[in-house]
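**Student:** Got a structure for you, questions after.
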Amino acid sequence: MMKIIRAKDYKDMSRKAANIISAQVIMKPDCVLGLATGSSPVGTYRQLIEWYEKGDLDFGDVTTVNLDEYRGLSAENEQSYAWFMHHNFFDYVNINPDRTYLPDGMNPDAKRECTRYEEVIREVGGVDLQLLGLGHNGHIGFNEPGEEFGTLTHCVDLQESTIEANKRFFDSADEVPRQAYTMGIQTIMMARKILLIVSGEGKADIVKRAFFGPVVPQVPASILQMHPDVTIVADEAALSKCDCQE
Ligand code: GLP
């Protein structure tokens, strides 16, 4: 079942998403959170940090597994997703760093890294709540349009549009890695609950195609329509092209 929660703006979206994550952590303190990077979740992490500082949240028993990582970037590289997670979230809450997992961008053996990561997810007991952003081309994690739906963690060649979209974090487009390790669509679909956040007018078209259009591999996020427990928190701008008044 897909539930769409309408938020006023980015800030409101972030607070609502953080509320849902908080509820998960309060209900199951030793839960496994699937986490995401990008601009969308920054505000959510900031809100969680604020509530943690107030003493309202405890991440002491939480485990996290991230969606993806650029291939070839180490955790010390400021452009890596490992670095992002530390500087936007992990370093500011009482999460145990030994229980924060990401694919290892430095493992040159792609096949082994992907098998290892699937094993990590299995060993921690699977994901209770998976946070997702939405790429402009409909990607989730780094599952690009056109790939088959049945994938586990794998190594992907990033599409030109993704490299363009993500170059803002790098000195130039040339420095954006051409490949990444990402949980596959099947890995994501195995999460018990999914929380997707999306904001801004620039995403309005893809929101419409992904959640109000047909389920097709050309729009990877559309598969979420088939998941039993998906919550989408979207701001008004992101919903501006849908007839989905609640
Ligand atoms: C990146 C990430 C995705 C993210 C997406 C959207 O490429 N791999 O996990 O959801 O882009 O990013 P943003 O939230 O910055 O728009």
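**Student:** Taking region 7-26, which residues are out of contact with any Asp or Glu (no Cβ under 6 Å at 6 or more places or on another chain), among the small types (Gly, Ala, Ser) and surrounded by 16 or more Cβ atoms within 10 Å (Cβ to Cβ)?
**Tutor:** Of everything in region 7-26, those that are out of contact with any Asp or Glu (no Cβ under 6 Å at 6 or more places or on another chain), among the small types (Gly, Ala, Ser) and surrounded by 16 or more Cβ atoms within 10 Å (Cβ to Cβ) turn out to be SER14, ALA17, ALA18, SER22.
**Student:** Then there is this: With the structure loaded, tell me whether GLY34 is open to solvent by less than 80 Å² (accessible area, probe 1.4 Å), within 13 Å of the ligand (Cβ to nearest atom) and at pLDDT 95 or above or whether it fails that test.
**Tutor:** Here the answer is yes, as GLY34 does meet what is asked.
**Student:** Could you check region 110-142 and list, in sequence order, the residues that are acidic (Asp, Glu) and touching a helix residue (DSSP H, G or I) at 6+ places or on another chain (Cβ under 9 Å)?
**Tutor:** Answer for region 110-142, where residues must be acidic (Asp, Glu) and touching a helix residue (DSSP H, G or I) at 6+ places or on another chain (Cβ under 9 Å): GLU118, ASP128.
**Student:** Out of region 207-246, which residues are in contact (Cβ under 8 Å) with a residue 40 or more places away in the chain, open to solvent by 10 Å² or more (accessible area, probe 1.4 Å) and assigned to a loop (DSSP other than H, G, I, E, B)?
**Tutor:** Hits for region 207-246 are PRO217, GLN218, PRO228, ASP229, GLU236, ALA237, CYS244, GLU246.
**Student:** Given the condition modelled with pLDDT of 95 or more, surrounded by fewer than 17 Cβ atoms within 10 Å (Cβ to Cβ), more than 16 Å from the ligand (Cβ to nearest atom) and assigned to a helix (DSSP H, G or I), answer yes or no: does some residue in region 54-77 qualify?
**Tutor:** no
**Student:** In addition: Among all residue pairs at least 6 apart or on different chains, which show Cβ distances below 6 Å where the first residue, located in region 68-81, is of a type in the set (Lys, Arg) and the second is open to solvent by 50 Å² or more (accessible area, probe 1.4 Å)?
**Tutor:** ARG71/GLN179
**Student:** Within the set of pairs 6 or more residues apart or between chains, which connect a residue that is within 9 Å of GLN186 (Cβ to Cβ) inside region 150-161 to a residue that is open to solvent by 60 Å² or more (accessible area, probe 1.4 Å) with Cβ atoms less than 8 Å apart?
**Tutor:** GLY150/GLN186; THR151/GLN186; LEU152/GLN186
**Student:** Being open to solvent by 10 Å² or more (accessible area, probe 1.4 Å), of a type in the set (A, V, I, L, M) and touching a Lys or Arg at 6+ places or on another chain (Cβ under 6 Å) is true for just one of ALA173, ALA180, ALA204, ALA165. Which residue is that?
**Tutor:** ALA173
The values are calculated or read from the model by the stated rules, or taken from the named source; none is laboratory data. For clarity, every value in this text was computed on a predicted model and none was experimentally measured. Cβ: placed from backbone, ideal geometry, glycine included. Neighbour counts: every protein chain shown. Accessible surface areas use protein heavy atoms only, side chains included; no ligands, DNA or RNA. Shrake-Rupley method; radii C 1.70, N 1.55, O 1.52, S 1.80 Å.
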